[in-house]
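Here's the structure, in structure tokens; my notes come after.
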Amino acid sequence: MAQMETRELEYFVAVAEELHFGRAAACLAIAQPALSKAIRRLESRLGFKIQERDRWHGALTRAREALLHHGRHALNAVGAAAERARRAGDRQDRLRLVIKPGGDANLLSGILAAYAGRPDARQVDILFGGATDRADHVRDGRADVALLYVPFDDMAGLDHETLMVEGRVAILPPDHRLASRSEITLADLAQETLPRWKGVRWTGAPEARPGPEVTDAVEAMQMIRLGRAVAILPRSLAQPMQPGLVHRPVIDAPNSELVLAWAQDDRRSLVASFVAAAVDAAGATA
């Protein structure tokens, strides 16, 4: 395949995400004719059509999906490399940790205390990400490390250490047919409707029906209260108990892992020291 310039890749990703040339041009702050010309030139070099009849149809072809997936990661890598190079010369560099509010399984205080006791400790800035974008914070250099959940978060391009393994619970409305049970199985949830987390690959129970798309736990809980869905979450994410809802352990659901993740090519001692402190702290509370 012909080599692509970073700028061309930015153009493609913008159009693929917006599915509209006018909106993509506005996001890129360039004229729409210039964007269209650049996309046509890129099509010629790649040897396949990015466009179909000069417009996007909402569904990407397999080739476009592959290019979009790898293109996002490539742009993230370029941005992260530039950011790490800039920060490498900063002797007062801080470590940036991105977490989801309530997504630390009560380990964060112990981790920060363990890291603070190390002779090479730096100040730690806590960033709050959404339900699905924390991995991107690490990939594009906005954060150095992230607390993520496997298998829910996209781990492409990241290394990680597991801090905790836990079971999952089903969150149900109180009048649900399974609410009176002390524990349930995945088979019990067959044909139930589970929310689809925006930006997260489907990890629902086998034979469950994908339900409304949600972007965070607040939206998911609202859908459950309305009787539109039930949810299966790592036990720590279901704490504290949601008022008006029922939590039941799903005894045969695959375990989830709370992990500390960082970019695969990030070998800075700043990151390695924090990872080591986090592993030690998590082991002390196990």
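Derivation of every value follows stated rules applied to the coordinates shown; laboratory data play no part. Fair warning: this is a prediction, and the values are worked out from it, not measured in the lab. Here the Cβ positions follow ideal geometry from the backbone for every residue, glycine too, while neighbour counts run over all protein chains shown.
Things to note:
- Cα-based Kirkwood hydrodynamic radius, region 168-253, one decimal, Å: 12.6 Å
- Label positions at Ala113 and Lys198, each projected 7 Å from the Cα along the C-beta direction, are separated by 3.8 nm.
- By the count of other C-beta atoms within 10 Å, a proxy for reagent exposure, Lys198, Lys37, Lys100 are ordered fewest to most as Lys37, Lys198, Lys100.
- Full-extension gain in nm, Asp252 to Leu127, via 0.36 nm per residue minus C-alpha separation: 41.6 nm
- Listed values for region 265-274 are Karplus-derived 3J(HN,Hα) couplings in whole Hz (6.51 cos²θ - 1.76 cosθ + 1.60, θ = phi - 60°), namely 9, 8, 10, 5, 5, 3, 6, 4, 5, 5, and x replaces Gly and Pro.
- Calculated over region 92-213: convex hull of Cα atoms, volume per residue (Å³): 136 Å³
- With θ taken as phi - 60° and the Karplus curve 6.51 cos²θ - 1.76 cosθ + 1.60 applied, the whole-hertz 3J(HN,Hα) list for region 17-27 is 6, 7, 6, 6, 5, x, 5, 5, 4, 5, 4 Hz, x standing for glycine and proline.
- Relative contact order %, region 168-253, counting alpha carbon pairs below 8 Å whose residues are six or more apart: 49 percent
- Mean Cβ count within 10 Å, highest first, over the residues of peptides 27-33, 276-282, 209-215: 276-282, 209-215, 27-33
- Sequence-distant residues sharing a close amide H with Trp197 (under 5 Å, placed H): Val214
- Cleavage-rule hits, chymotrypsin sites (Phe, Trp or Tyr not before Pro), region 148-247, DSSP coil, Cβ neighbours within 10 Å at most 10: Trp202
- Label-point gap, in nm, between Arg7 and Ala284 - each point 7 angstrom along Cα→Cβ: 5.3 nm
- Other-chain or far-sequence residues with amide H under 5 Å of Val246's (modelled H): Leu172
- Electrostatic tally near Asn255: other residues with Cβ closer than 12 Å to its Cβ, Lys and Arg +1, Asp and Glu -1, net -1.
- Under the Karplus curve 6.51 cos²θ - 1.76 cosθ + 1.60, θ = phi - 60°, whole-Hz ³J(HN,Hα) for region 125-137, x wherever Gly or Pro sits: 9, 9, 10, 9, x, x, 5, 10, 10, 5, 4, 5, 4
- Counting DSSP beta bridges with both ends in region 168-253, the antiparallel % (nearest 5): 65 percent
- Residues Ala187 and Glu161, FRET efficiency given R0 of 41 Å [Cβ-Cβ distance, rounded to 0.05]: 0.80
- By average C-beta atoms within 10 angstrom, highest first, the peptides 252-259, 176-183: 252-259, 176-183
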